[in-house]
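A short worksheet on the structure shown next.
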Amino acid sequence: MLRPEKESSLKIVQQLSPMCLELLRDLQKGGGRISFTPEISQIQNNLGSYVLIYDDELKIGRAMFLAVFGDEGVRTLFQEINSLSPDEQQEVMDGLTSTETLDEIAQAVNAFEIPQSPAEWQAARDKLTALPEEERKDVEKRGAYFWCYFFSSFFNTISLMVHGAKMTSLIPRAIAGDDDAFFKAVQIDRMLLLHHPYFRDRKAKAQVDGEIDFLSKLSYRESNAPLRGKIRFPGLYMLFGLLESFQWLNDLEHNEILDLCDDAGLDRYQNRIEDVNYVTKRLREYRVWKKVNLSML
């Protein structure tokens, strides 16, 4: 299975963890339901077509590279990748996550800060408006790609934490006719019902055909919060989930995870990870929490 090389994965997780934590906290404000700030909710709806990239894991990475490097080079690159064998694709992926490329991605992530108040959002809009037209269009386009990457990565991780399967696994199964995968995916990201043609059409068909059982199960999933109960260590669990999404959580030494937590700015005392033994305990609790979530679905 394709995955970025170890060093690359750790650096990306280090950069993304604090930003994903902000969205996770928004999620928790709604009792585990999606409850983003009005500004982020508006962006999510405006860019709702990001749900289309769940169809293929590579598309999520492509959105990130488009945000960082622009359209033309990435378009050519991924045309070539799609024609390669899995082994060759892995070689290309390792090359894309070289130290030099990662430095550029890290700089882009660091430069992309989510405003924390209406005043900060307005200041960001004013700054964008003041740019020359060509530069403004480029910044808007790259920003859109980044948000598409960010939303899809975030919900992919939440789905893995809750269902034990990524959105990039659930959506192809749903399109192939697996209604259970359909319901689970909608529970994580309801934008699917608004912006994904298959999900819109499948729900409409069920309504027209009077599929009571399907609609009842869909309603149950829509009304159920994706995250049940309070997450005691949300930042730590998000970091674990991101590592799991990159397929590295089970292959890292626990002292490596502790170092990564430090690099990502997670407070050792607040997250009860004072040493490696505590990391082992927190990992055990994370896996139990996942099982409990799954048993309640």
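Read-outs throughout are calculated quantities, based only on the coordinates presented, and are distinct from any laboratory measurement. Since the structure is predicted, the reported quantities are computational estimates derived from the model, not experimental observations. Here the Cβ is made from the backbone with ideal geometry for all residues, glycine too, and neighbour counts use every protein chain on show.
Descriptive notes on the structure:
- Ranked by how many other Cβ atoms sit within 10 Å of their own Cβ, fewest first, the residues Val279, Val208 fall in the order Val208, Val279.
- Around Leu131: net Lys/Arg minus Asp/Glu count, Cβ-Cβ under 12 Å: -2
- Cβ-based exposure ranking for Cys20, Cys148, in which fewest neighbours within 10 Å come first: Cys20, Cys148
- Per-residue HN-Hα couplings for the stretch 38-53 [Karplus 6.51, -1.76, 1.60; θ = phi - 60°; Hz; x = Gly/Pro]: x, 5, 6, 4, 5, 4, 4, 6, 5, 9, x, 5, 4, 4, 5, 7
- Model label sites at Arg268 and Glu253, defined 7 Å from Cα along the beta-carbon direction, differ in position by 1.7 nm.
- The GluC sites (Glu not before Pro) of the stretch 242-281 that DSSP puts in a loop, and whose beta carbon has at most 11 other beta carbons within 10 Å, are Glu253, Glu274.
- One decimal place: the segment Leu128-Thr280 gains 50.2 nm when fully extended, by the rule 0.36 nm per residue minus the C-alpha distance.
- Distance in nm between pseudo-label sites at Asp179 and Asn224 (7 Å out along the Cβ direction from Cα): 1.5 nm
- Inter-label distance, Lys291 to Glu211: 3.4 nm, where each label sits 7 Å from its Cα along the C-beta direction.
- Computing FRET efficiency as 1/(1 + (r/R0)^6) for Ser49 and Arg136, where r is the C-beta to C-beta distance and R0 is 22 Å, gives about 0.55.
- Order of Trp289, Trp121 - criterion: other Cβ atoms within 10 Å of each residue's Cβ, fewest first: Trp121, Trp289
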